[in-house]
Amino acid sequence: MKVKRARKLLARQLQFQADGVLPVTELEAIYELSFFNIFVAFENELVELMKTNLIMAHDSKGRIRSIFAPQNRALAERLLLGNNRYFQLLPVEQMEKIAKVYLKNGWPFVSLTEVQKASIRQAYAVRNHIAHRSSESKASFKKKVLNFANLPRSSTSPGYYLRNKMTISVTYFDHQVAQIGSCLKQIADAS
């Protein structure tokens, strides 16, 4: 749902920019905001999938799934939160560690390929640079994202990166969103 709304918003904004009504810098800011919203929705879905897997004592084949198996989602959330008010599942390495603590063999959160993990790391670096704008997030963004992108000019703006085309018809925004979407689908299908 968030992806459809973001794409609809971007289509309108691209038309405004083509008509000369919207400056490029504002279009890039809209790309950033849209990506940030989609990534936060991705994180939220991962947490919900973790809760779902926690309350499943056994999978569909009768194998043990959850090591602790709380009775409901609220208890699963309390188990994940502990004494904290906030729970962060990402980065990928942290997600795998948490999954291995609560789920037998960490399944399905350890089922991602190295390519999928790299795509989540890239998207996470984009998200962090949008959210924090710190020198650390900028360095991570350059190392994990810009070093692998083919851009017409050098820029450390996530909006510039996201709006540029990777191929004739696919922007880096489209690519990043598709990549995290496929990772989420794989974990959801295996849940």
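The values are calculated or read from the model by the stated rules, or taken from the named source; none is laboratory data. What you see is a predicted model, and the numbers here were worked out from it, not measured in a lab. Glycine also receives a Cβ, built like all others from the backbone with ideal geometry; neighbour counts cover every protein chain displayed. Note: accessible area is taken over every heavy atom of the protein model, side chains too, but ligands, DNA and RNA are not part of it. Shrake-Rupley method; radii C 1.70, N 1.55, O 1.52, S 1.80 Å.
Here is a yes/no grid of residues against (1) open to solvent by 50 Å² or more (accessible area, probe 1.4 Å); (2) assigned to a helix (DSSP H, G or I):
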| site | (1), (2) |
| --- | --- |
| S137 | no, yes |
| K142 | yes, yes |
| L162 | no, yes |
| S169 | yes, no |
| A178 | yes, yes |
| I187 | no, yes |
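From the list I120, I130, pick out the single residue that is part of a helix (DSSP H, G or I), under 30 Å from R12 (Cα atoms), in contact with a Gly (Cβ under 9 Å, 6 or more places away or on another chain) and touching a residue at least 12 places away in the same chain (Cβ under 8 Å).
Only one candidate qualifies: I130.
Out of all the residues in region 15-42, which are open to solvent by less than 70 Å² (accessible area, probe 1.4 Å) and within 13 Å of R163 (Cβ to Cβ)?
Q17, L22, P23, V24, L27, E28, A29, I30, Y31, E32, S34, F35 - these are the residues of region 15-42 that are open to solvent by less than 70 Å² (accessible area, probe 1.4 Å) and within 13 Å of R163 (Cβ to Cβ).
Does F68 count as part of a loop (DSSP other than H, G, I, E, B), touching a residue at least 12 places away in the same chain (Cβ under 8 Å) and either open to solvent by 40 Å² or more (accessible area, probe 1.4 Å) or within 30 Å of R5 (Cα to Cα) (or both)?
It is true that F68 is part of a loop (DSSP other than H, G, I, E, B), touching a residue at least 12 places away in the same chain (Cβ under 8 Å) and either open to solvent by 40 Å² or more (accessible area, probe 1.4 Å) or within 30 Å of R5 (Cα to Cα) (or both).
Before we move on, is L103 modelled with pLDDT of 90 or more, within 30 Å of A57 (Cα to Cα) and crowded, with 19+ Cβ neighbours inside 10 Å?
When the stated conditions are applied, L103 passes them.
Regarding E45, is this residue open to solvent by 70 Å² or more (accessible area, probe 1.4 Å), touching a Leu at 6+ places or on another chain (Cβ under 7 Å), acidic (D, E) and at pLDDT 90 or above?
In short, yes.
Only one of N37, N53 is within 18 Å of Q94 (Cα to Cα), touching a Lys or Arg at 6+ places or on another chain (Cβ under 8 Å) and not aliphatic (A, V, I, L, M). Can you tell me which?
After applying the criteria, what remains is N53.
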